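Values quoted throughout were computed directly from the atomic coordinates according to the rules given, and no laboratory measurement underlies them. Model, not experiment: these values are computed from the prediction. Cβ: placed from backbone, ideal geometry, glycine included. Neighbour counts: every protein chain shown.
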Ligand SMILES: *Cc1c(COP(=O)(O)O)cnc(C)c1O
């Protein structure tokens, strides 16, 4: 008789977004006359920019001709894309990353879930609380997290780094030394980030303690402040302690197109074993590449027209973000984030729990957001609104909130 991977049985049920969907569906059914505004989604809404669509059309046509047809892509991704990535995301920022340190993938979710498998099961992970659930759940599946306590909502073998208004959403160095440290900056869900100087401290800490930082930079395009690093490799010494994961989902609207990349520097070693070689081996065995058409689309993200067009999209979302931030402040809310990320993290009023505020906002303003407690126990008493809606809907939601 076969046995299952028992680790999957340890995963706590009721995924946050399905719980929200159920509540929203129930409300809509009872109140069909009340149109809802959804500011809870973590998905983009603007269409793919014209320069990128054009590149995709061209690549589609190439696939229909024997002379220009493309089959399996090279293991690490096409050179044209890795070159564009290195030139624009690294060289232009003074980071010495080479093309063969880039691994093109189908997105940062899979990379952030898969990267843990090149590390020992005994390794201890540290995550921010609140956190993007993928980091923890992928380690649960691998059997790295110990026992779950439903009362504290914590795993016995995971180090949690609370990020709240009290510490300005800057995680503190854990007392017990972790082996793998997940950092998502700018952050989903809090919308906050660290300064370059603060990030440098994490790099120094990792190098000193022999830890690896798994750095999720999915929201890098939203950075507006000068003293914030666009890549962890802007920090001295990051090449010996950090893996960077990037995505085309939030900067160029590729959530349905699927493209990302991982940077594993050759200098990142463990007792003489190169993590770069391990990831190359893993990639070669378990992944057969992002589609040619999609990699051409990724290349167009870095063309002059592409850059110009996606800059406008990011600016559109960030205009929503500042409108939400400003509007909520004017109505007496305490708000965070929204400056270097498309997320607003607000303190729930009058001591409401995150879910109480969710119900309050749904029923009284017909606005849907995301309860902070869904991202971890330290998210309790907070609430996330996203800037990914339309400007009109964003303003309409704020008007409703102002009337509460
Ligand atoms: C949206 C998001 C990603 C991007 O995932 P893709 O698989 O590239 O679409 C990665 N990390 C975080 C924290 C995100 O919110």
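With the cut-off at under 17 Å, measuring from each backbone N in region 186-215 to a point 7 Å along the Cα-to-Cβ line of residue 326 picks out no residue. Ordering of 344-350, 162-168, 85-91 by packing is 344-350, 85-91, 162-168, highest average first (other Cβ atoms within 10 Å, averaged per residue). I want to verify a result. In a Gaussian network model of the chain, Cα cutoff 10 Å, which of these has the top mean-square fluctuation: 266, 22, 83? Ranking 266, 22, 83 by mean-square fluctuation puts 22 first.
Between residue 75 and residue 176, the simple spin-label model (points 7 angstrom out along Cα→Cβ) gives 3.7 nm. Fully extending the segment from residue 274 to residue 91 would add 63.6 nm, taking 0.36 nm per residue of separation and subtracting the current Cα-Cα distance. Treating r as the C-beta distance of residue 353 and residue 68 and R0 as 45 Å, the FRET efficiency rounds to 0.20.
Ordered from longest to shortest, the equivalent ellipsoid semi-axes for region 247-305 are 28, 14, 10 Å, each the square root of 5 times a Cα gyration tensor eigenvalue.
Would you work out the relative contact order for region 130-214, in percent, from Cα pairs under 8 angstrom that are 6 or more residues apart? Present the calculation step by step, with values, prior to reporting the outcome.
On the way: 75 pairs, mean separation 20.3, N = 85.
That works out to 24 percent.
How high is the relative contact order of the chain, given as a whole-number percent (alpha carbon pairs under 8 Å, six or more residues apart)? Result for the chain is 23 percent. Can you classify region 239-352 as rounded, prolate or oblate using the Cα gyration tensor, where a ≥ b ≥ c are the square roots of its eigenvalues, rounded means a/c under 1.5, and otherwise it's prolate if a/b beats b/c and oblate if not? Oblate shape, in that a/c is at least 1.5 and b/c is the bigger or equal ratio.
Rule-of-thumb check for region 149-280: C-alpha Rg over 2.2 N^0.38 Å?
On the way: Rg = 15.5 Å, N = 132, 2.2 N^0.38 = 14.1 Å.
Normalised Cα radius of gyration, region 149-280: 1.10.
Of the residues 341, 218, 84, which exhibits the maximal mean-square fluctuation in a Gaussian network model of the chain defined by a 10 Å Cα contact cut-off? Of the options given, 84 has the highest mean-square fluctuation. Sorted from longest to shortest, the spans of the Cα atoms of the chain along the three principal axes equal 59, 55, 51 Å.
Per residue of the chain, what 222 nm ellipticity follows from adding -39500 (n - 2.57) for every DSSP H run with n ≥ 4, rounded to the nearest 500? Walk me through the numbers on the way to the answer.
Details: 13 runs with 147 residues, N = 404.
Mean residue ellipticity at 222 nm (helix-derived): -11000 deg cm²/dmol.
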